[in-house]
Structure formats: C-alpha cells, structure tokens
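Colleague: Okay, here's the structure, questions in a sec.
The values are calculated or read from the model by the stated rules, or taken from the named source; none is laboratory data. Since the model is a prediction, treat every value here as computed from it, not as a measurement. Backbone-built Cβ (ideal geometry, glycine too); neighbour counts: all protein chains shown. Heavy atoms of the whole protein, side chains included, go into the accessibility calculation; ligands, DNA and RNA do not. Shrake-Rupley method; radii C 1.70, N 1.55, O 1.52, S 1.80 Å.
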Amino acid sequence: MSFNLAYDGECYSIEDGASVLDTLLDQGIEIPHSCKSGVCQSCMVEVVTGTPTEASQTGLKATFKALNYALSCCLVAKEDLGVSLPNAEDSEVPVSIIKMEVLNHNVLRLCLKTKKQLDTIPGQYLSLITSDSLARSYSVANIPEVDGYIELHIRIIPNGRLGAWLLNDARLWMEVKLRGPAGECFYVCEKDEENDFPMVLAGTSTGLAPLYGIVRDALAQGHKGSIDLFHGALQPEDLYLVDELYDLSQQHKNFSYIPCVMKGNDGDFYTCGDIQELVAKHVVNKKDARLYLCGAPDLVNAMKKTAFLSGIASKHIFNDAFLPSK
Amino acid sequence: MTLYEKLGGEAAVSAAVDIFYRKVLTDDRVNGFFDDIDMDGQIAKQKAFLTMVFGGPNNYTGKNMREAHAPLVEKGLSDLHVDVVIEHLGATLKELGVADEDIAEVASIANSVRDDVLNR
C-alpha cells in the first residue's frame, strides 16, 4: 500500500510506513539532514497536508510543534502527506498602509491592511517590501486576527533606506507587500501543560514590537501566570508606548511593565539600570519561566546564556535576534 | 535491552543535555571554545552527541565530528579538553541517577571518538 507525498509542486508515491526523508532522498531530492534518528533536527519540514505523527515531533520545541513542523526522518506515511522546507512556500501578499504614527524620536508605527487573511502569529516576523523592491524584516506587534490589520514598529536609522522611503515616499493607502511569516518566538501553551507558568520578556528598541504582540496574545488566550515585560533603553526618550503598556498593566493584574533606562534619574517612571543585569536578577528564582528575548543580537545572546546558566530550560527560551541589513 | 533503552532513550537525552551543557559552559578550562557559538544550534549538536554516546540510533561517520572540531584543534583543543568533557558527561549521568557501570560504558563510547574530535 502506498500514499501520495506532495513536495515542491510534485507528487511522489510513498510506501505505507516509509519515512518522508528517505522517500525524498531516494528521488534525488536534497533535504538537509544528518543523524536520521530524530535527534539533530536538521531535517525539519513543515507538514502542509496531513498530520505529523507523534514520533516525528518528539523533542521539538513547543513553537515548532505549533507550526506543524516535523522531523522528516521520523515522519512515516500513514496517510497522504504534503511537506515543504520551513518557510519555503511563502508568497507575497499585497497590503495597504492604513496608519503611520510617530511613537518616539526614531520609531514609527506602521499599520497595514491585508485583502486576504495572512496566517501570522503575534511575535513572528514578516518582510516588508516597498514599491521600489526594498525588503526589510519586521515583527508583528499586535493580534492581526483581532485588530483586522498588521502592526509593525519601524526604527528609523540615519541614512537607512527604508526609513528614507517611509519619510519621503510612503503615503496612506499606498500598496506595499508582505512576505512571510517566519520565526518561532511566540506564545504557546501545550495541551498537556497548565497556563500558569511565569513569562519574562525582555527587549531593547523595537525588540518591543514582537514582545508586545506576544504579551497581548498571551493575555487574550487567558494566560494565568505572571507576565513581566522589560523594555530597555539608553535614555528615557528611547522608550515608546509607555502609556499604552502602563494602561495594559492596570487592566491585567498578572502583567507588569518594567521600562528600564541606562542613563536616567532614579525616582522617575522607569527603573534605572542595565536591562541585562535586571533580567538576570529577575529570573534567578524562576526556573520554570518561559523567556522571550528580542533585539540586538549581542544582547539577546548574552541574556540567553545568563538565563540558561541560571537554570531556565533551553527549550523554554525563545528569541529573535534582529540582524542589521547589509 | 540496549544501553540507550536502559538510560531512557530520547527523554534521557533531553534531560541530560541542559545539565551537561551548563557544566561545560561554566568550566573555565573549556568554555573558551564555546564563545560566539549559537546556543540553539549547539544544543541540537549536543543532543546528537549524547544520543550517540548513550548507544542510541545514529549515523555517525566521524566526518562531521572532524570538520566541526578542526578549527578548535587549531586553537589548541587537546586530550585535556576531551577529558574535561567526558568528566562532565559522567557527572551529568551521576546526577540523573545512572549506575556507575552504565556511566563507564558511555564514557568508553565517548572515548572511542577522541581521535575524530582531535583530528588525528
């Protein structure tokens, strides 16, 4: 007995109980792989048709499971299947600019309306493609499903091309494109766990965007554990959405907003200090916490290592390091 | 029952990997080799390594091991560092309540890849 296996626009035959990886390799198709034992995770694919078997998701991070990812070496056919390499089937979607709002001296809020629903989870990122084909990645800062639009936070970098496009060329109702989504930094509560684990989120600059999306998503899903959001900045004027986040913390008693500023005055509305040290101190007794880190790569990596060494499980650390455009 | 089954299979690997990697990262004798390394990628590799030394299913050929460690050998990776890693492997298993004779078996598998690690 055999089933159909769809991959990259072609349909292959797969024997009952045969692995997807072996079947595709036998066809001469190159799929990244290494151990073929369900351990190294290099052969991960997205299951677009059919259901991943339990064995094919063993050891995967909760976020990868939520995205229907599976290890192709352990994914055996019990039904017709369709798979693709992660993010390989992203298409470009036209969207219209419906709002441009200045959030602080260098951050702009851009709201985009899609004609058809884009399946994106708050915290994931998308590529914004402008009318002159410039592409840059930004994180989803809201719940598109609830709000009816996609919100991005754009940092204007001096001499940056996208910033120049936004300031000079972008207009309301102008059409641009989005590609994606990608990324595994989002809220997920697995079926077999209680939704009362503590969450700690930390980011600098527009690292706040995905974190804001994740916070709102967790609250909307009724998360019961504490949710502590650290937004780090060099100086007070680099913070943004302060009032919105403060209001949100008033509405939900399990949500705390902790703005922190390196060069500030004690006693003001923010905490003075280095976000890295503040977060390190905060997670010391939170070994069961889920940690979300977004922003500059060096800072994200340093915070990740410190938190891991203080006892947070590697599978509970989600991060999105913002790489500069080249 | 194979050694891998006796140790607890994939669940044992998942339980061991964080403990083991924390020990390695906090040991000044070896942690210099892990600076600037992507933690997520490294954890996946450590899981593959642990599965292999636990006697689990693997496609070990030595080629990847040699390629991955060649730049480290240039930076001075030696028998001493391999000894430290095997020491941490043993301590990790001890913490997880694994019997001494099983730890010895794991250590001997780890020892068997020493020449690949050191590109000899």
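Colleague: Taking the condition open to solvent by less than 20 Å² (accessible area, probe 1.4 Å) and within 19 Å of residue A:109 (Cβ to Cβ), does residue A:178 pass? Give the steps one after another, and end with the answer.
Modeller: Numbers: open to solvent by less than 20 Å² (accessible area, probe 1.4 Å): yes; within 19 Å of residue A:109 (Cβ to Cβ): yes.
Spelling it out, residue A:178 is indeed open to solvent by less than 20 Å² (accessible area, probe 1.4 Å) and within 19 Å of residue A:109 (Cβ to Cβ).
Colleague: From the list A:266, A:192, exactly one residue is farther than 21 Å from residue A:109 by Cβ, without any contact (Cβ under 8 Å) to a residue 12 or more places away in the chain, outside the structural domain of residue A:295 (by TED's automatic domain parsing) and open to solvent by 10 Å² or more (accessible area, probe 1.4 Å). Which is it? Spell out how you get there, then give the answer.
Modeller: Values: A:266 fails: outside the structural domain of residue A:295 (by TED's automatic domain parsing).
Residue meeting the stated conditions: A:192.
Colleague: Let me ask something additional. Output the qualifying pairs, or none if there are none: Cβ atoms under 7 angstrom, residues six or more apart or on different chains, first residue in region B:16-29 and of a type outside the set (Asp, Glu), second residue open to solvent by less than 20 Å² (accessible area, probe 1.4 Å) and part of a loop (DSSP other than H, G, I, E, B).
Modeller: The qualifying pairs are B:24/B:30.
Colleague: Okay, moving on. Tell me the residue from B:10, B:67 that is within 14 Å of another protein chain (Cβ to nearest Cβ), under 23 Å from residue A:74 (Cβ atoms), open to solvent by 40 Å² or more (accessible area, probe 1.4 Å) and part of a helix (DSSP H, G or I), please.
Modeller: Details: B:67 fails: under 23 Å from residue A:74 (Cβ atoms).
Being within 14 Å of another protein chain (Cβ to nearest Cβ), under 23 Å from residue A:74 (Cβ atoms), open to solvent by 40 Å² or more (accessible area, probe 1.4 Å) and part of a helix (DSSP H, G or I) holds for just one of B:10, B:67, which is B:10.
Colleague: Something else now. Can you give me the number of residues within region A:1-45 that are within 29 Å of residue B:47 (Cβ to Cβ) and assigned to a strand (DSSP E or B)?
Modeller: 7
Colleague: Could you list, in sequence order, the residues of region B:92-120 that are over 11 Å from the mean Cα position of the chain (by Cα), surrounded by 14 or more Cβ atoms within 10 Å (Cβ to Cβ) and part of a helix (DSSP H, G or I)?
Modeller: Across region B:92-120, the qualifying residues are B:93, B:102, B:103, B:105, B:116.
Colleague: Scan the strands (runs of 3 or more DSSP E) fully inside region A:63-169 and keep the ones with 2 or more residues being in contact with a helix residue (DSSP H, G or I) (Cβ under 7 Å, 6 or more places away or on another chain). Working first, answer last.
Modeller: Values: elements: A:69-71, A:81-84, A:92-102, A:107-114, A:125-129, A:135-139, A:150-155.
Answer list for region A:63-169: A:69-71, A:81-84, A:107-114, A:135-139, A:150-155.
Colleague: Another question, then. Taking the residues in region B:21-64 that are among the β-branched types (Val, Ile, Thr) and open to solvent by 60 Å² or more (accessible area, probe 1.4 Å) as candidates, determine which candidate is nearest to the other protein chains (Cβ to nearest Cβ).
Modeller: Step one: filter region B:21-64 for residues among the β-branched types (Val, Ile, Thr), giving B:24, B:26, B:30, B:37, B:43, B:51, B:53, B:61.
Then keep just the ones that are open to solvent by 60 Å² or more (accessible area, probe 1.4 Å); that gives B:26, B:37, B:61.
On the way: B:26: 6, B:37: 9, B:61: 10 Å.
By that ranking, first place goes to B:26.
Colleague: Which of (1) under 23 Å from residue A:185 (Cα atoms); (2) surrounded by fewer than 18 Cβ atoms within 10 Å (Cβ to Cβ); (3) modelled with pLDDT under 95 does residue A:286 not meet, given it meets every other one?
Modeller: (2)
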